[in-house]
Structures are given as C-alpha cells and as structure tokens.
C-alpha cells in the first residue's frame with residue numbers, strides 16, 4: 001500500500017512539473033500583456049491631431065510623451081485597407097469612423113465568424129462575434145477584425161491543428177476576471193495553435209488582429225518594436 005501511495009505521489013509531482021514546464025515553454029513563445037481596464041486606460045488610435053495616421057508605435061509614443069500619461073503597451077489593432085483606413089467597424093472616443101462590415105469576402109477578415117473588440121464607457125472590455133454585436137452609445141472604442149479565435153470557449157471551427165498556414169500573429173482575448181490579454185507570437189504559428197494559447201489562458205472569446213505585419217511594444221518584457229505602418233494602434237497607458 002505504501003509503495004502504491006509513493007508511486008501515485010511520484011506521478012502527481014512529475015505531472016505538475018511537466019505542466020509547469022509546458023506552460024513556461026508556451027508562454028516563452030509569445031509576448032503578452034494583461035491589462036486591467038478598470039485600472040489602466042485601453043485606447044485605440046488612428047489619426048493624430050493633424051488628422052494624419054499615427055502609422056506606428058514610435059509616433060504614438062512621441063505623441064503621448066507630451067501628456068501626463070505613460071505608454072506601457074501597444075500593438076497594431078486590426079486590419080486596414082490600402083489607404084491605411086480601418087477595415088470594418090472602427091469607433092474612437094464614441095465616434096464611428098468606419099461602419100460595421102457584415103459582407104462576405106475572401107481573406108482572414110472574412111473567415112466568419114469575425115468579431116469586434118470593444119471598450120465601454122464603464123471601462124469594460126468585450127469581444128463579440130459580428131453577427132451578435134450590437135452597436136450602442138455606451139461603446140467608447142471598437143475595432144472589427146477576423147477571424148474570431150475563440151467563440152464561447154470553442155476554437156473556430158475552420159481551424160486545423162495540423163495546418164501549415166503559419167505566420168506571426170497577434171490577437172486579444174478576455175480573461176474570466178474581465179481583464180484583457182494581448183498576445184503576439186514570437187515565431188510563425190497556425191491559427192489553431194494561436195487560438196489554443198488563449199483557450200489555455202481561460203478566455204471564452206478571443207479575436208485575431210493581424211499577421212506578418214504585427215508589431216508589439218511591451219517594455220516590461222524587453223520587447224520593443226516601434227516600427228511599422230498601420231491603421232489602428234491599441235494602447236495601454238497609465239498616469240505618470
């Protein structure tokens with residue numbers, strides 16, 4: 001009996017260590033930032049005061065440097081057209097810049113269901129599939145992208161675990177406690193494995209933002225990418 005208990009204890013210890021190793025290895029493949037929308041400010045940025053595209057994090061960082069806020073995290077926030085205007089719904093400070101796109105088409109954006117990541121005036125972060133998203137005056141920021149990575153805890157049905165369609169990818173998910181997790185893969189990854197990252201973190205809904213053009217500014221992980229030429233940029237700031 002004693003030998004059986006020791007054997008069982010050994011299995012439990014080894015399994016725990018293995019899980020910790022897998023989680024650590026998994027996390028090392030991504031640069032990620034968890035933001036609390038109640039304590040930090042999550043904002044979306046498209047054009048500056050001169051109505052010129054910010055284009056990249058460097059320009060946005062310079063813009064914030066003249067204010068009383070500190071940029072602690074940023075990443076490109078959705079797909080864009082050739083003229084760098086947002087593809088799909090874009091709301092900034094309560095103003096709808098681009099309307100919701102419910103059309104069908106080709107490419108990742110139209111791999112339905114796609115969805116909308118939005119922040120309310122009550123500082124609540126939400127992700128909803130486009131088909132169930134309802135625009136209202138309580139939405140302060142919103143960006144539409146696609147495809148959804150997770151829908152109600154389930155990985156997008158079109159994703160294949162063995163897919164060879166790999167790329168650098170960035171996305172966003174909502175954690176069970178309402179906090180937001182932003183993540184970008186450090187190496188090429190397929191959609192299924194990218195969605196799995198958010199699922200293993202406990203997210204019920206997660207949204208793909210973009211691919212090979214993706215850049216992330218995350219100083220607390222020594223990951224500083226400030227180049228690029230984007231449409232929308234998502235920023236997390238705090239008071240200096």
Considering only region 176-192, how many residues are surrounded by 17 or more Cβ atoms within 10 Å (Cβ to Cβ) and either touching a residue at least 40 places away in the same chain (Cβ under 8 Å) or farther than 18 Å from residue 204 by Cβ (or both)? 9
Restricting attention to region 188-208, does a residue exist that is in contact with a helix residue (DSSP H, G or I) (Cβ under 7 Å, 6 or more places away or on another chain), under 23 Å from residue 40 (Cα atoms) and not in a loop (DSSP other than H, G, I, E, B)? yes
Exactly one of 139, 134 is in contact with a strand residue (DSSP E or B) (Cβ under 9 Å, 6 or more places away or on another chain), surrounded by fewer than 24 Cβ atoms within 10 Å (Cβ to Cβ), within 24 Å of residue 37 (Cβ to Cβ) and without any contact (Cβ under 8 Å) to a residue 12 or more places away in the chain, and that one is 134
Of the criteria (1) buried (at least 19 other Cβ atoms within 10 Å of the Cβ); (2) closer than 20 Å to residue 202 by Cβ; (3) out of contact with any helix residue (DSSP H, G or I) (no Cβ under 6 Å at 6 or more places or on another chain), which one residue 31 fails: (3)
Residue among 59, 49 that is over 17 Å from the mean Cα position of the chain (by Cα), under 21 Å from residue 230 (Cβ atoms) and modelled with pLDDT under 95: 49
Does residue 157 count as exposed (fewer than 15 other Cβ atoms within 10 Å of the Cβ) and modelled with pLDDT under 95? no
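The values are calculated or read from the model by the stated rules, or taken from the named source; none is laboratory data. Not measured: the values here are computed from a predicted model. Cβ sites come from the backbone with ideal geometry, for glycine too, and all protein chains shown count toward neighbours.
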